[in-house]
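The values are calculated or read from the model by the stated rules, or taken from the named source; none is laboratory data. This is a predicted model, so every value here is computed, not measured. Because the Cβ atoms are built from the backbone with ideal geometry, glycine has one as well, and the counts that use them run over all protein chains shown.
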Amino acid sequence: MRRDSINRILADMEAFRDRFTMTKELKWTKITDAKTEEYKHLVDYFFALNKADQCQFHCIVFDSHKWQHGKYNDGDRDVGLSKLYYQVLHHKFGKLCGPHGSLFVRVDRRNSSTSLEDLRRMLNAAMARDHKIRGNPWKVIEPEDSKQCDILQLNDVILGAVCAVRNGRHLLEGGRESKKLIAKHVLEQSGMSSFDYDSPRSATRFTVWNMRPRT
């Protein structure tokens, strides 16, 4: 999202919490049948922003069971995750947003064996090499505790719904009805008929990229 929109969006999120008495962390795993309407309102708010191009959503979907970390990542699954960060940041956010200004990234905090500063330098080099965008547009890549950040929590809900649909959980009998409803609602609002396939190349606001692991 644009930097000048952040304070307004955070204020909207605070108003949402006050209106629906949502005092705890907003998270896909915390969706319950008692909170279905509240999370539906949250999804509607996200897509109102998204369709007005006030925020974008880009994600990579991959099957972690098929990764060969010993062959490609020096046996370190964290190296594999950092490579995915690189791919989605470079090919989605960098390519689409880099020409328009500086880029500041917050990733959900985790114990990591790889350096976010090294990732930032590699992304800036790739922007100059692949897209002729110079001046180091990637300014900051830093960790953030999602429990303290409403924007990361909003992202978690949308991403959780994408994963649920991609795994077919929205169609399973016996699953939590609230999650199935929210997952279907995200799919409908996204404008895509399925997350099994990549979003069209022309899409710029909401994209899903299904990455196939190397063999």
Next item on the list: Give the residue, chosen from LEU171, LEU159, that is of a type in the set (A, V, I, L, M) and modelled with pLDDT of 95 or more.
Entry: LEU159
Next item on the list: Would you check which residues across segment 189-206 are at pLDDT 95 or above and in contact with a helix residue (DSSP H, G or I) (Cβ under 6 Å, 6 or more places away or on another chain) and list them?
Entry: GLN189, PHE195, PHE206
Next item on the list: Go through segment 50-67 and give me each residue that's buried (at least 19 other Cβ atoms within 10 Å of the Cβ) and either over 22 Å from HIS91 (Cβ atoms) or polar (S, T, N, Q) (or both).
Entry: ASN50
Next item on the list: Check SER178, SER190, SER194 and return the single one that is small (Gly, Ala, Ser), closer than 27 Å to LYS83 by Cα and surrounded by 14 or more Cβ atoms within 10 Å (Cβ to Cβ).
Entry: SER190
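Yes/no matrix, rows are residues, columns are (1) at pLDDT 80 or above; (2) over 18 Å from the mean Cα position of the chain (by Cα); (3) at negative phi:
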{"site": "LYS35", "(1), (2), (3)": "yes, yes, yes"}
{"site": "HIS41", "(1), (2), (3)": "yes, yes, yes"}
{"site": "TYR45", "(1), (2), (3)": "yes, no, yes"}
{"site": "ASN50", "(1), (2), (3)": "yes, no, yes"}
{"site": "ILE60", "(1), (2), (3)": "yes, no, yes"}
{"site": "HIS69", "(1), (2), (3)": "no, yes, yes"}
{"site": "ASP76", "(1), (2), (3)": "no, yes, yes"}
{"site": "TYR85", "(1), (2), (3)": "yes, no, yes"}
Notebook entry, point to check: Taking segment 98-114, which residues are surrounded by 12 or more Cβ atoms within 10 Å (Cβ to Cβ) and either touching a Pro at 6+ places or on another chain (Cβ under 8 Å) or not β-branched (Val, Ile, Thr) (or both)?
Noted result: GLY98, PRO99, SER102, LEU103, PHE104, ARG106, VAL107, ASP108, ARG109, SER112
Notebook entry, point to check: Hey, any hits in segment 3-16 for a residue that's β-branched (Val, Ile, Thr) and either within 18 Å of the chain's Cα centre (by Cα) or surrounded by 16 or more Cβ atoms within 10 Å (Cβ to Cβ) (or both)?
Noted result: yes
Notebook entry, point to check: Within segment 121-141, is there a residue that is assigned to a loop (DSSP other than H, G, I, E, B), in contact (Cβ under 8 Å) with a residue 40 or more places away in the chain and either farther than 18 Å from ILE6 by Cα or polar (S, T, N, Q) (or both)?
Noted result: yes
Check: If you go through segment 179-188 one residue at a time, do you hit one that is more than 19 Å from the chain's Cα centre (by Cα), hydrophobic (A, V, I, L, M, F, W, C) and modelled with pLDDT under 95?
Finding: no
Next item on the list: Report the residue count in segment 1-23 for those that are closer than 20 Å to LYS40 by Cα and part of a helix (DSSP H, G or I).
Entry: 12
Note to self: I'd like to verify a number: residues in segment 142-175 that are free of Cβ contacts under 8 Å to residues at least 24 places away in the same chain and either exposed (fewer than 14 other Cβ atoms within 10 Å of the Cβ) or not in a helix (DSSP H, G or I) (or both), how many?
What the structure shows: 8
